[in-house]
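Take a look at the structure set out below.
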There are 6 protein chains.
Amino acid sequence: MTGQPIRILIANVNTTASMTETIRAQAAAYASPGTEVIGLTPAFGAESVEGNFESYLAAVAVMDAVVRYDGPYDAVIQAGYGEHGREGLQELLDVPVVDITEAAAQMAMLVGRSYSVVTTLDRAVPQIEDRLKLAGLLDRCASVRASGLSVLELEKDPDRAVEAIVEQALTAVEGDRAEVICLGCGGMAGLDRRIKEATGVPVVDGVAAAVTLAESLVRLGLTTSKVRTYATPRPKVITGWPITRAGENS
Amino acid sequence: MTGQPIRILIANVNTTASMTETIRAQAAAYASPGTEVIGLTPAFGAESVEGNFESYLAAVAVMDAVVRYDGPYDAVIQAGYGEHGREGLQELLDVPVVDITEAAAQMAMLVGRSYSVVTTLDRAVPQIEDRLKLAGLLDRCASVRASGLSVLELEKDPDRAVEAIVEQALTAVEGDRAEVICLGCGGMAGLDRRIKEATGVPVVDGVAAAVTLAESLVRLGLTTSKVRTYATPRPKVITGWPITRAGENS
Amino acid sequence: MTGQPIRILIANVNTTASMTETIRAQAAAYASPGTEVIGLTPAFGAESVEGNFESYLAAVAVMDAVVRYDGPYDAVIQAGYGEHGREGLQELLDVPVVDITEAAAQMAMLVGRSYSVVTTLDRAVPQIEDRLKLAGLLDRCASVRASGLSVLELEKDPDRAVEAIVEQALTAVEGDRAEVICLGCGGMAGLDRRIKEATGVPVVDGVAAAVTLAESLVRLGLTTSKVRTYATPRPKVITGWPITRAGENS
Amino acid sequence: MTGQPIRILIANVNTTASMTETIRAQAAAYASPGTEVIGLTPAFGAESVEGNFESYLAAVAVMDAVVRYDGPYDAVIQAGYGEHGREGLQELLDVPVVDITEAAAQMAMLVGRSYSVVTTLDRAVPQIEDRLKLAGLLDRCASVRASGLSVLELEKDPDRAVEAIVEQALTAVEGDRAEVICLGCGGMAGLDRRIKEATGVPVVDGVAAAVTLAESLVRLGLTTSKVRTYATPRPKVITGWPITRAGENS
Amino acid sequence: MTGQPIRILIANVNTTASMTETIRAQAAAYASPGTEVIGLTPAFGAESVEGNFESYLAAVAVMDAVVRYDGPYDAVIQAGYGEHGREGLQELLDVPVVDITEAAAQMAMLVGRSYSVVTTLDRAVPQIEDRLKLAGLLDRCASVRASGLSVLELEKDPDRAVEAIVEQALTAVEGDRAEVICLGCGGMAGLDRRIKEATGVPVVDGVAAAVTLAESLVRLGLTTSKVRTYATPRPKVITGWPITRAGENS
Amino acid sequence: MTGQPIRILIANVNTTASMTETIRAQAAAYASPGTEVIGLTPAFGAESVEGNFESYLAAVAVMDAVVRYDGPYDAVIQAGYGEHGREGLQELLDVPVVDITEAAAQMAMLVGRSYSVVTTLDRAVPQIEDRLKLAGLLDRCASVRASGLSVLELEKDPDRAVEAIVEQALTAVEGDRAEVICLGCGGMAGLDRRIKEATGVPVVDGVAAAVTLAESLVRLGLTTSKVRTYATPRPKVITGWPITRAGENS
């Protein structure tokens, strides 16, 4: 609607700063001209998030990083695939919050009747299914499949990653009848083109999808509904919050 | 990604040209700078679409209008709320096709846990529910409610429309626990602000939502998956197609 | 209830007149003594319907053919498997309308706990699933499977058709745990006996099922509810309807 | 298909012989010319079945009555609304078995988008819902409502019954958005016309519906699938079966 | 809560008294110190229950045995996997009634995200699925699988039973993604340890689970809700009940 | 199985130590003789948990408190109603983890066909629904209702709490057709008796239910499945964990 530049915070869920930069760059590549994308790295938590314990920790660490960020911004992206925490951010903020898991699924549903997610480890599968179920986006999900590579292995060896992802993607398309593939890990940003070539179906990267949705929400003037589920927290005594105090790590 | 301007066709589902212009203008208002929006009016069908017979006719009339359009375009929006036909367009075209029913629901789900649709007549309710069910977007739909006003009444008397919509929207928020309202008729474009003021919850207009999603898909380089459901029609004898022949009405 | 003969219109969804006659004859073979079955062929559309574009066209072409038919009739059967349009006919008519997709599923559910559909091409599968979902009959559907043969191939080579259908039917019974097979194409009429022999489970032909259900509705005095979803279309300006004008093709 | 007369057993679920006769007559009234309808009354159980204990007893008593019946028959109807037992009969018999709960729902789904059941007592509601859920027919059920009258009260005072049923039926149509009403008790046979007049929507009587479906199955040559769920019981020692011995009551 | 000993009736569903004793002993082994477990054998029905006919008979035979038992008791366990009848007992009694099918599923859901049931014959699978569906416990059920052994074969050859169960359990864990295995037959009591060793996942025996749940309900002072579904049967004429008369078999 | 005493940790989700003691005492009151119950209070977080932000914080604070506890224990209870975190504990521990939300629902399902939860504030409703959905226990949930009282108001004025809960419980029983009421807040422990008296239906307190389930799991020898979803976290660098360091608050 307006010509003013949009500022988007994109929060990595793990503490590996190089990943934050990869994710930020991927978002920036798909952002509109003039949109500024700022990467945030949590001050505590796992170097790579795999499983519920680390994911819950990340949920709090992302909230911690966002509330401590003191610049202006128009939207927040949580760049973890299948991770906890989006609802908490929505309570704390008025600006829109977009989770890459949901962003990818939404875009996939616009270009195919069913989609599959190819993620990292087998243990990530149930979490992603649960997040999609709560998001009301599981109905057209054909399957969530694991490539068997951990987040760090993915980052270290992109060729092996492509191979492992393509294998699962082809099984999803032929066996599970998926028509679109979502890349189920923030760290897969940038692999979409090669996987699309190998499978012949559209491939959605969640970070890229999320940045266009975040911009869309800002342009539409839509902010999080505060009427019930995401109402601002009530005033009360909260001990030890934010977790990271001034002068501490970060 | 690129600096080149995007061209979006937006197809009205009824034959009332003034509505095509309203819808086109609404889309253009939310489009990015440089995006061109072209309105299409079907050459046959109902002056306003209410019910399955008219909607099936519109599905074919929209396909007829789109295949006869000979300029270039990057995406198509079908601007009927709860109408048939999106899957047919997806088979005929490679570029993305966005239905305003689904676009509104997707945006709503990003800013609230549940949404309600407020539409025109009671008879439109089941159709909208069915389209959302097939789209896999019904899970977080709190209700679809009818304002009791027909499409043409809506257009004639916007004040009465706002009043009737607000009444249903408030019932949706308080009784059905909706946290966002979707305006369930292409002809409601432009009423969102007043309804948001009256209800205090985000209000999503499908046309505006669709234009941002269409642009997003183009920027992401995503096109309709051709692997199964939306594969290009097989070559065969088709009699009387397109319906509208050269030199005929339109 | 009464001794008067029943007249049933059965509408083919494609423009191949020989198929209309096959379907009509199949219906007549299962009709009660005294029931008259009249076949209708659409005046426009595909020679064989496979996919959404052709199916939407067929929906309108069937409505066009039915509204132009000027004899008396007591019920209408739409003889396309998984095709669009039944709801439109229900709005236009007071007499009962039976879709063969639903008729087959209902009969199957009376003689087994779960059923599978064996249809033509892979691309038909999602459409059939969607129609069964909207009809509320998907819950006990074990699977929809494609024989890989097109509608016209089926008609040309019944022996090859039987072989391909039996292969999928056996997989459905053993792998998907189906207990009944529905023949998922109007053009499969007459193959039921051979497939039953080969699989050992009941095999339901939709056309045969539909004619008994249409007669049942007439005998029970049941007509389409006009209270909401299938209410008669409201009076309004409709351009170019019916599509086929006097003196034109047909 | 053939001209030979069909013989249908219709089993009352309670021990009140006058009800058996009412049900039998209702079935006969909707049967084709030449079809013979034979009523069966259980030799033990409740005078009217209301609740699970009595319903389980009826399930066994109906099986007991059917296996002791030594004449020929082509199909069996179980004339209890929401009662247990149909699956047991399907194991014991090869001929088709039709439950009036399911028959009514199927017919209702052919003439409206959603249906409600109006039954006797509040305690019958969950049982009917459960039976429809297992039958895969709950998806389009708008509601199951209780008139508050017991089975015996219904039979004694039909005028009061009509009044109480109409009240619930109108609430179902207006509040629950039902488009068809199913009469949820074998003892409501014959009330359909008056309730249709009062509500303006189609009203389905399960007994009438079941007799047309049973005839349809016979004409289509369909018998219960024996491949898994309804396979014939394996040979084994069964003590005290049938329950009713020669020379005993009945 | 109290120091008084709890008395639990555990009803076998078949007439094989040795199985009653096995089941009773298994229950006693997991009962708290001081809890007394009393085994009941039905006076009529199948020597082993496999299928709906035999299961309905068992439902009535178990109710018959329980109402004829004249000692005091605090809870009842129905020890048939996937069998009918629990709701009838709940109407007849005030004390809690626990079905081993549901008890096993509940315990499994506490220690894993999804569970599979390994049962006896293929024909038992649909019944177990149906009972879990009605119990609202099917959502996290990954699969119900048949070992292919009948109830009596299981009892005769425990080694072969373990082997057959382990094979299915491993397929469930690896292929169906189950995280816990439920032993789907009362006669499998005592095999849990060996199957756990072979599969590495928790294995739940329904009888053991049920006895701890029955004790829990008693300690919590919870009894069956009498407000609607499980209300006490209304006073009325019931012929031939109980089935087993004084002086007869049993 | 054994005579050795069981030790159960019960973790309060908020930082109000007096509530920890109330919850611990309630658990101890329902524990078996010899069972020891140890209460844990988080070292950081909200004084009362209401909403997602506070709940995510509590999830991490409970994990933090449990991993820092260095005594032996056999099971852990998380005593927050509808709160996040249970899956994280299940990854970190081998012993069983029981959430009071699920414990209450399971017990309720054993004594009635449907249950309602009465909780504190309206904003807690969606969270409880979501947790029950993920737990696979929502199917038989008739409704989740808010009393309108905050956690602290509940604790301060039990009489007003009972009144507000009874009002919602009666609406649940009569309007939503609930047959059992679950008290949806750890702080409602001890109110069950008065609410049962006022409503006439069984009332389940989650803390009491959880302690019996935790004991049951221990007696059955069941521990959390480590095969996939709740596998132990992989070894990796985790910064700032546990959150609470030696010598800090707590």
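The values are calculated or read from the model by the stated rules, or taken from the named source; none is laboratory data. None of these values were measured; they are calculated from a predicted model. Every residue, glycine as well, gets a Cβ built from its backbone with ideal geometry; the counts of neighbours run over all protein chains shown.
Filter the stretch C:167-186 down to the residues that are out of contact with any Phe, Trp or Tyr (no Cβ under 9 Å at 6 or more places or on another chain) and of a type outside the set (K, R) and list them by number.
First pass over the stretch C:167-186, keeping only residues out of contact with any Phe, Trp or Tyr (no Cβ under 9 Å at 6 or more places or on another chain): C:167-171, C:173-177.
Within the stretch C:167-186, C:E167, C:Q168, C:A169, C:L170, C:T171, C:V173, C:E174, C:G175, C:D176 meet the criteria.
Surrounded by fewer than 22 Cβ atoms within 10 Å (Cβ to Cβ), within 12 Å of chain C (Cβ to nearest Cβ) and farther than 26 Å from C:A231 by Cα: does that describe D:R219?
Working: surrounded by fewer than 22 Cβ atoms within 10 Å (Cβ to Cβ): yes; within 12 Å of chain C (Cβ to nearest Cβ): yes; farther than 26 Å from C:A231 by Cα: yes.
Yes, satisfied.
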For the stretch A:222-250, which residues satisfy the criterion of being among the small types (G, A, S) and either more than 11 Å from chain F (Cβ to nearest Cβ) or under 28 Å from A:T20 (Cα atoms) (or both)? A:S225, A:G240, A:A246, A:G247, A:S250
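Filter the stretch B:108-140 down to residues that are outside any helix (DSSP H, G or I) and of a type in the set (G, A, S) and give me whichever is nearest to A:K133 (Cα to Cα). If you could, list the steps in order and put the result at the bottom.
Here is the first cut: in the stretch B:108-140, the residues outside any helix (DSSP H, G or I) are B:112-123, B:135-140.
Still in the running and of a type in the set (G, A, S): B:112, B:114, B:116, B:135-136.
Values: B:G112: 15, B:S114: 14, B:S116: 19, B:A135: 15, B:G136: 11 Å.
Filtering first and then ranking leaves B:G136.
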For the stretch F:39-53, pairs from a residue that is without any contact (Cβ under 8 Å) to a residue 24 or more places away in the chain to a residue that is assigned to a loop (DSSP other than H, G, I, E, B), with Cβ under 6 Å and 6 or more apart or across chains, are F:F53/A:P233
Over the stretch D:64-86, the set of residues under 29 Å from D:R145 (Cα atoms) and touching a strand residue (DSSP E or B) at 6+ places or on another chain (Cβ under 9 Å) is D:V76, D:I77, D:Q78, D:A79, D:G80, D:Y81, D:G82, D:E83, D:G85, D:R86
From the set of residues in the stretch F:115-131 that are surrounded by 23 or more Cβ atoms within 10 Å (Cβ to Cβ) and not β-branched (V, I, T), which is farthest from A:Y230 (Cα to Cα)? F:Y115
Every residue from the stretch D:222-250 that is surrounded by fewer than 22 Cβ atoms within 10 Å (Cβ to Cβ), of a type in the set (S, T, N, Q) and farther than 19 Å from D:R24 by Cα: D:T223, D:T232, D:T239, D:T244, D:N249
Please indicate, with yes or no, whether at least one residue in the stretch E:133-141 is more than 8 Å from chain F (Cβ to nearest Cβ) and either aromatic (F, W, Y) or crowded, with 22+ Cβ neighbours inside 10 Å (or both). yes
Hey, does the stretch F:4-20 have a residue that's at positive phi, touching a Lys or Arg at 6+ places or on another chain (Cβ under 7 Å) and not basic (K, R)? no
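State yes or no: is E:V66 part of a helix (DSSP H, G or I), in contact (Cβ under 8 Å) with a residue 24 or more places away in the chain and over 23 Å from D:Y230 (Cα atoms)?
Values: part of a helix (DSSP H, G or I): yes; in contact (Cβ under 8 Å) with a residue 24 or more places away in the chain: yes; over 23 Å from D:Y230 (Cα atoms): yes.
Here the answer is yes, as E:V66 does meet what is asked.
Does the stretch C:155-172 contain at least one residue that is closer than 16 Å to C:A79 by Cβ and either surrounded by fewer than 24 Cβ atoms within 10 Å (Cβ to Cβ) or at pLDDT 95 or above (or both)? So that I can check it myself, show each step before the final result.
So in the stretch C:155-172, the residues closer than 16 Å to C:A79 by Cβ come out as C:155.
Restricting the remaining residues to those that are either surrounded by fewer than 24 Cβ atoms within 10 Å (Cβ to Cβ) or at pLDDT 95 or above (or both) gives C:155.
Looking for residues that are closer than 16 Å to C:A79 by Cβ and either surrounded by fewer than 24 Cβ atoms within 10 Å (Cβ to Cβ) or at pLDDT 95 or above (or both), one finds at least one in the stretch C:155-172, hence yes.
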Residues being facing another protein chain (nearest Cβ under 8 Å) and farther than 15 Å from C:W241 by Cβ: count how many of those fall in the stretch B:38-81. 1
Evaluate the following for C:Y69: is it farther than 22 Å from C:S216 by Cβ, surrounded by fewer than 22 Cβ atoms within 10 Å (Cβ to Cβ) and of a type in the set (F, W, Y)? yes
Where a residue in the stretch D:131-144 is assigned by TED's automatic domain parsing to the domain that holds D:V111 and free of Cβ contacts under 8 Å to residues at least 24 places away in the same chain and its partner, wherever it lies, is surrounded by fewer than 23 Cβ atoms within 10 Å (Cβ to Cβ) and not hydrophobic (A, V, I, L, M, F, W, C), with Cβ under 6 Å and at least six apart: D:L134/E:D130; D:G136/C:D139; D:G136/C:R140; D:D139/C:G136
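Given the condition within 22 Å of A:M19 (Cβ to Cβ), more than 10 Å from chain B (Cβ to nearest Cβ), of a type in the set (A, V, I, L, M, F, W, C) and within 21 Å of the chain's Cα centre (by Cα), answer yes or no: does some residue in the stretch A:171-181 qualify? Spell out how you get there, then give the answer.
Looking only at the stretch A:171-181, we keep the residues that are within 22 Å of A:M19 (Cβ to Cβ), and these are A:181.
After this cut, where a residue has to be more than 10 Å from chain B (Cβ to nearest Cβ) as well, the list is none.
No, because not a single residue in the stretch A:171-181 is within 22 Å of A:M19 (Cβ to Cβ), more than 10 Å from chain B (Cβ to nearest Cβ), of a type in the set (A, V, I, L, M, F, W, C) and within 21 Å of the chain's Cα centre (by Cα).
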Residues of the stretch A:71-102 satisfying the condition of being of a type in the set (S, T, N, Q) and not in a strand (DSSP E or B): A:Q90, A:T101
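Residue check: is B:Y81 touching a residue at least 60 places away in the same chain (Cβ under 8 Å), among the aromatic types (F, W, Y), closer than 30 Å to A:A208 by Cβ and crowded, with 24+ Cβ neighbours inside 10 Å?
Taking the combined requirement at face value, the residue satisfies it.
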So D:A105, is it part of a helix (DSSP H, G or I), among the hydrophobic types (A, V, I, L, M, F, W, C) and under 26 Å from C:V207 (Cβ atoms): yes
Enumerate the pairs (first residue in the stretch F:3-31 and more than 18 Å from F:D205 (Cα to Cα); second residue anywhere and among the aromatic types (F, W, Y) and at pLDDT 95 or above) with beta-carbon separation below 8 Å, excluding pairs fewer than 6 apart on the same chain, so at least 6 apart or on different chains. F:R7/F:Y73; F:T15/F:F44
For the stretch C:1-49, which positions are part of a loop (DSSP other than H, G, I, E, B) and basic (K, R)? none
